[in-house]
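Peer 1: Okay, handing you the structure first.
Here, each number is a calculation from the coordinates, and none is a lab measurement. These numbers come from a predicted model, not from an experiment. Methodologically, a virtual Cβ is constructed for each residue, glycine included, from the backbone with ideal geometry; neighbour enumeration extends over all protein chains shown.
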Amino acid sequence: MNSRDFIRQTPSFYATENRYHSIWRSIHADPPLLVGVILLCAFGLFVLYSASGGELAVVRRQALIMLAGILVMFIVSQFNPHVIRRWAPTIYAGGLALLILVLFIGVEANGAKSWLDLPGLPSFQPSEILKISVPLSIAWYLASRPLPPRFKHLFWSAVLIIFPAALIIIQNDTGTAIMVAMSGIFVVLLSGIRWRIVFFGLFSLLLASPAWYLFLAQEHQKNRILTFFDPYRDPTGAGYNIIQSQIAIGSGGLYGKGFGNGGQSHLDFIPESNTDFILAVLAEEFGLFGVLFLICLYLFVLIRGLFIAYFARDMFSRLLAGSITLTLFFYIFVNMAMVSGLVPVIGLPLPLVSRGGTAILTLFISFGLLMSIQTHGKEKVTN
């Protein structure tokens, strides 16, 4: 082939490539993020099958929820971030209304009164919606104001964070309250808050911790903290979960015992083996390399999320995408650290791996927002 032939054929190559990108843009999907999410879902179903003792009904239900989540993700991605921004206050107010409704007609499950069971609808956790609405509302509030934020803007941002977090704590769901609070805090941090304010806040929190423990913490919360420092103070009670989890992780070694051969999980030594402590099942059956493979999948999605945040066209999109990505990282880190005994047990599932319902759909809404920010990026969006 001579140089003229190459030049004549080159435009057709670029035309094909442009058509490829235009197809994904037309359906507002981000291929790298979509591939990462699908791989996580597939691997999660694989691990869940073993963690649930081979119960196909559990895996089938999880797969249906994930398919519904993918549909919701594509629906959310169709909305321009500019439209989502306008709806942010309404979404936040709706989430608060549902939280207040839980206080009156909420259903208790696993010690937390955080579920709504409305006629004609499946039961769901309104607190999960706040993981989206809180960063959405704070990004909406701060994006239209001078940055770094002034003290009055930080004050009202704190109000937007503390109010829903307090309502969730009243429902006895500390883990979700922490996640909701952190999703909002990440927006504030990304807005360029001065470091001296950050250090002052951390120092104040450290000083207030003893007072919270002595006067406000409930008995089960105190037990979790004491058990974190010494699980063997109550090896058959509060410390049982973490002790069995550490045994399972340690027995897996580098390569694991093999799929379906985990003694700790299949002999029911690990409570919540298909929800909060599913990582222990993975570590026992697939070893350190299995855990590292899962971490690599998570890192792929997280790096793509940071890429989308970095190249977002407006401040609202940048703050929202950054908060979504950092909240997902915090979600993963806390669960893995909790199962390993590095932080107290607070009852958070492993994203897209643990069995769940509302939490999974919330994650897919987050991915849909990231896709919306990425695929609508070439359209003009005003601050």
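Peer 1: Among residues other than Leu116 whose Cβ falls under 14 Å from its Cβ, what is the net charge (Lys/Arg +1, Asp/Glu -1)?
Peer 2: Within the 14 Å Cβ shell, the charges total -3.
Peer 1: Relative contact order of region 148-262, please, whole-number percent, based on alpha carbon pairs below 8 angstrom and at least 6 residues apart.
Peer 2: 15
Peer 1: Sequence gap at least 6, Cα distance under 8 Å: using those rules, report the relative contact order of region 119-194 to the nearest whole percent.
Peer 2: For region 119-194, the relative contact order is 44 percent.
Peer 1: Also, I was wondering about something else. Which label belongs to the value computed from this structure, given these candidates for Rg/Rh (Cα atoms, Kirkwood Rh): (i) 0.97; (ii) 1.13; (iii) 1.01?
Peer 2: (iii)
Peer 1: Taking the highest mean first, how do the peptides 320-332, 260-272 order by number of other beta carbon atoms within 10 angstrom per residue?
Peer 2: For the peptides 320-332, 260-272, the packing ranking is 320-332, 260-272.
Peer 1: At 222 nm, what helix-only mean residue ellipticity would the chain give, in deg cm²/dmol to the nearest 500, using -39500 (n - 2.57) for each DSSP H run of four or more?
Peer 2: -24000 deg cm²/dmol
Peer 1: Give the relative contact order (percent, whole number) for region 282-383; include only Cα pairs under 8 Å separated by 6+ residues.
Peer 2: Relative CO of region 282-383 lands at 27 percent.
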